[in-house]
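To start, the structure under review is shown below, and the notes come after it.
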Amino acid sequence: MKKFNFKKVLDGLTSSSAPPAKPETEITETLGSEHFQVSKTVRHGFPYQPTAMAYDPVQHILAIGCKSGSIRLFGRPGVDCHVMHDNDAAVLQLIFLVNEGALVSVCSDDSLHLWNLRQKRPAILHSLKYNRERITYCHLPFQSKWLYIGTERGNVHIANIESFVLSGYVINWNKAIELSQRTHPGPVVSLSDNPTDSSKLLIGFETGMIVQWDLKTKAAECRYACEQQTLHSLAWHHEGKQFMCSHSDGSLTVWNYRSPSKPAQVFQPHGHPAQKGSKPEACRPIMKVAWPTQRTGDPFIVFSDGLPYERSGRRPCITVMQGKSVTVLEMEYPVVNFLPVSSTPWPNDFQDPYAIIVLLENDLVVIDLTTPGYPCFQNPYPMDLHESPVTCCTYYADCPPEMIPAFYTVGSRQQKKTGFSDKNWPVKGGEWGTSTCSYPEIIITGHADGSLKFWDASAVTLQLLYKLRTSKIFEKQPLNQSTEYEEDPFAIVKIAMCCESRILCVAGTSGHVIVYRYNKVETTVDVPTLEIALVYEVDDLDSPDTDQIPPPMPPPSSSVGSAGSGGMPSPSPHHSTSSEGAEKVGSPLLKVKSGPQKMVPGYQVDLCAQLVTVEGEPPSQILCLAINSLYGLMAFGNMQGLAIVDIIQKTTLLNLGTPDLYGSADPYTRTQPRSPQRKKPPAGLGDLGEAQAVEQLQSPQRRKPLKALSKLGESEIGEQERCRSPTTERDESNGVCLSPTGTTRKKLADIKRNRNQPRPRMSKAHSTASMEGNGGDDSDDMNNSLSMSWGSSVSRLFRTELIKADSKDGSFSRSRSSSMSSLENVSAEGINCLSFTESYTRKTDPVTSPCLWVGTTLGSVLVIVLNLPPQGDQRLTQPVIVSPSGHSPEVEKEERNSRKAKFASMLNHRLRWSVMKHRSARWDHLGTILRLKGAILAMSFLDCNGMTIPPLFAKWEDPKKKDENRETKDGQSMNQRRGWQQLQHLHRQKAPSSPTTETISDRQFVVICSEKQAKVISLPSQTCAYKLNITETSFVCKADVVSIAKHQSKVGHSTNLTKKKVRNDSVCLACFLANGHIMTFSLPSLRPLLDSDFLPLADMRIAQTFSFSNCGQALYLCTPSEIQRITLAADTCESLQEMLCELFLPVDTPEGPKQSFFKGLFSSPSIVDKEELFGEAASGKASRSVAKHIPGTGGIEGVKAESGSAMAEVQKARMALVERGEKLSELEERTEALKVGSELYASSAHQVMEKYKNKKWYQL
């Protein structure tokens, strides 16, 4: 009996339910999970919301702390390091351990941290967290290991900087003040030891009480009372005999060390002297004062603010006083902190300051004190990134190498600034990394003032190359003062650039798109403009009666397709008779300057397309932008529709609302779209209730086609007049020309009545979108348009009648078939993604053709076919034909009669019929319509080998050289154009030799990613090869198909492990999710390669500015003034340690001041052994409840981790060498053993031979 095997049964069920194998040849994917690793590389820009600053005068390193808990460390230009605390507590104070490679940070959560700067990635060595008291001020004397910590209660604690352990020595506030004083002195605001006597500590309290504390006797030696005013800061004279303090009334007080009863001097630097019987002038507080001295000359007195309140209009300032000279340096932003820069770290020596570092809220200023007039140094850091708020970012890694020199050439002329100091930048510490990237990188930032900045981001540096101001072509005041756009009417929202042709497209928040071309020479041109009305709305239609006969079809001669509507007018049976239609289309929000404009070398305006207001409402923001330099086309879309512009002929090719792109294959039931006024239900609804009225407005037949105007000049009025025919209806009351299809267009003369000068005459937009197969004459095209209009009208009336027929019984029902279950009622669908490419547009296409793939916010993907004339002179004159794939005249012609028959049958028998199901059955032969969950974010194309199909482009040529070549080599250029045409003709017309060849060579993949899922569609069959649901609980914010950095094969010496070599063209799908995860998937199989919980989406700014690029690079705007760059490539992470800069360099500390013989004879300052005072043996241990010590990760372990890679390589080489030596030794021993064995064998053989040599055979 055969034994039953349950496992085989399950295996059989599994195999039977498994999907069938794909017929296509499998593509070998070379990317694996080992090639991916997410890591932050470097941060650029100005530290956001700075709160503290410190400077190491020996290492020449500047540290800036921020409110978010981050610390930026700067050295020479290009040396920039960023570290972050574990929590988000603000940094209150920073203190360098001078020339020791360490930094102390004091945070708002009452914690102190010791950072190790001797490694490329600084880490925390120790932390100390206070539990009972709040830290207000800390002081670390030069070359001391004891840190003084002042608290809010007025106490002073002492901690060992090496071990971060508190000492038992505590200065309590009640012991510091006089016994007769009954009030609390307030928090400690300043601590400073005497420069010549380290046993004396000066403690300043907020209420104005200053105490000189003797550390030896543990008692207050002197008390200085400034109780009338609040104390802010203290500063010693280098001789230690006097100190100066600043107050809240704008005054400075000088005290003699030995005379605590009365101050030596009290004065208000900016206040008028008080006269008899009057009060002194009220001034703002002086937050900080410094008293650096010079060997030759009077000492400096530097302080911030202190101006009178009466001059409240004055800006924040820094005042520099030297002798009788008073210089007030106004600042653009409030002062956070300032530090005098000197060449010596010794406080008891002449400082001889040569600069002042001033930290402002939004800038870093360094003042030159050695040059008359105190000019500023030119800041070499990219801290002007936020000069105007950043609104968008674009990242181009591995761009053409000649772009950076080209931008630098034109940008160097802009950066010549006068009024700066000629001396070198004083912050000059650190050292650059030992390696750099092998490919150039460019970052383009768009700003709120309409400017663009081009940055060289190669390696880990950032340098400004070129700045472009888009607002130059517009007049200063916008035409329409809309409150929504008053603040930033020129703000940049989208950037698209073709790196090879250097064509740049910029979209602004006022609905304008500007096309720029790069030119090395200066020109003077008129700015060509296009004005486009891009809107889609619902008509106020009256519901037709049941027995209403469709309107008669107008004669063919009365139909003229407009350029703006793409030659495909949609019918609208009823229109409002009021003058509302004449006032719908307005003017652009910005007005372009008239007349010739001077264009400096660099990017020069080639075209400006502007969306106009409709019904007084500004145009919606542009969501996507695409450019193709070879086709000479630009496309952009928003929540209302799509526009395609020919940038060569300066015409509008297509201008349609999003639902009109579907044609008759619209899968949605359209509801009331976003509109400034809620429309009322139609008047002729009869017994229908309010719900039925709303439902009627939500039906797709209620939509009105897009009314598009391509306004190029005053001369277009003639074209408008020619639009009328004898059979065209005209409303004399409002002067609106009604076309046979019911579209209303305002007179161009009314629209341009406020223009001073007419714009340059341009050709009418004859390069319009037309129907496919328009090879016939014009009359045939008109008949086709009219027949489509009639069919659409019949379909609209049929659907309206259907709703009324259902309402006979007093109820309203809608068919919910299986085809309708996934289709929702929608009110708005915008264009969210665009991609120019050469691909298959239909299932039956044998060859590829130029096309535009369009992705919408509802997850639909449509294809628009582009019929381009040949390159050369014909491209300048012949029209470009644009055909949405959802429109097919052949299909419409076949189904027109069937729709009429169905309509008549419905009228006779009152039958219910599912229109959407009928539409779904026709999608396959109407064109390419793909659907995904969520808005479409990215589209990319792969060939049959899984390699990215790059977009076609035209190489940039110098216009001057191009004209010379055209004059001298006309024949050669003509031959090149003919060759290009023949090559394109062969590419499109060549038939494959065999079916197998056709399947492999003509196959493409389109990778589509939405907010929820990703699909890989095989073309031209349009079958879904791979599908992946990326997330269910979150959504994708940014997605792109990027290449991974080039890898090299690495073979270990001691092991046989070999790293898999990755091709240079290996690509993957990279996604950034709202939950902070970064995910990558292989292509085309969509196999997960990386899922890293990297960064939570705390601010929409991150999602708006996140940008992927080639070589596994990415960036985002982490703060309003900082850009964070990251990498996804594992090889970049491995080499990052060598690319990062060195902060600490071995430097000898300058020698201290030499004490004169007589000074040492008559004054012998006591030498204090602080170890005896503060050590555990003398003062005991501090209470554990005061603070908690937390060990860090930046000690020996951090150093080991830093050098781990280098040590590992050295260890591998060493082990391989030892292993090789051992093998050689073993081989030598074996050889010797074989030699000995052979000698023994020869000896034995010789002995046997001698033994039997003389014996007979019978003796054997």
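The values are calculated or read from the model by the stated rules, or taken from the named source; none is laboratory data. Model, not experiment: these values are computed from the prediction. Cβ: placed from backbone, ideal geometry, glycine included. Neighbour counts: every protein chain shown. The accessibility values were calculated without ligands, DNA or RNA, using every heavy atom of the protein model including side chains. Shrake-Rupley method; radii C 1.70, N 1.55, O 1.52, S 1.80 Å.
Things to note:
- Spacing of the two label points (7 Å from each Cα toward its C-beta) at residue 1027 and residue 476, in nm: 6.0
- Relative contact order computed over the stretch 607-649 (Cα-Cα under 8 Å; 6+ residues apart), in percent: 28
- The convex hull drawn around the Cα atoms of the stretch 118-169, when projected onto a plane and averaged over every direction, covers 4.5 nm².
- Heavy-atom SASA rank of 1193, 196 (probe 1.4 Å, accessible area, largest first): 1193, 196
- Pairs from the table (453/955; 216/241; 40/933; 423/453; 218/1170; 417/467) lying more than 21 angstrom apart at Cα are 453/955; 40/933; 423/453.
- Tail fraction, Cα-Cα pairs, the stretch 161-274, threshold 20 Å, whole percent: 42
- Of the peptides 632-643, 1223-1234, the ranking by mean beta-carbon count within 10 Å, highest at the top, reads 632-643, 1223-1234.
- Divide the volume of the convex hull around the Cα atoms of the stretch 325-447 by the residue count and you get 160 Å³ per residue.
- Dimensionless Rg over Rh [the stretch 33-98; C-alpha; Kirkwood]: 1.06
- Contour excess over end-to-end distance, with Cα ends at residue 371 and residue 617 and 0.36 nm allotted per residue: 82.9 nm
- Entries of 175/1188; 67/288; 428/494; 67/129; 428/1038 with Cα pairs more than 29 Å apart: 428/494; 428/1038
- Taken about its Cα centre, the stretch 370-521 carries a charge dipole of roughly 580 debye when the Cβ of each Lys and Arg holds +1 and the Cβ of each Asp and Glu holds -1.
- Average silhouette area of the stretch 297-344, convex hull of alpha-carbon atoms, in square nanometres: 4.3
- Each Cα pair under 8 Å and six or more residues apart adds its sequence gap; the mean of these over the residue count of the stretch 65-148 is a relative contact order of 20 percent.
- For peptides 842-848, 165-171, sequence by mean Cβ density within 10 Å, most packed first: 165-171, 842-848
- The alpha-carbon positions of the stretch 68-147 define a convex hull whose volume is 100 Å³ per residue.
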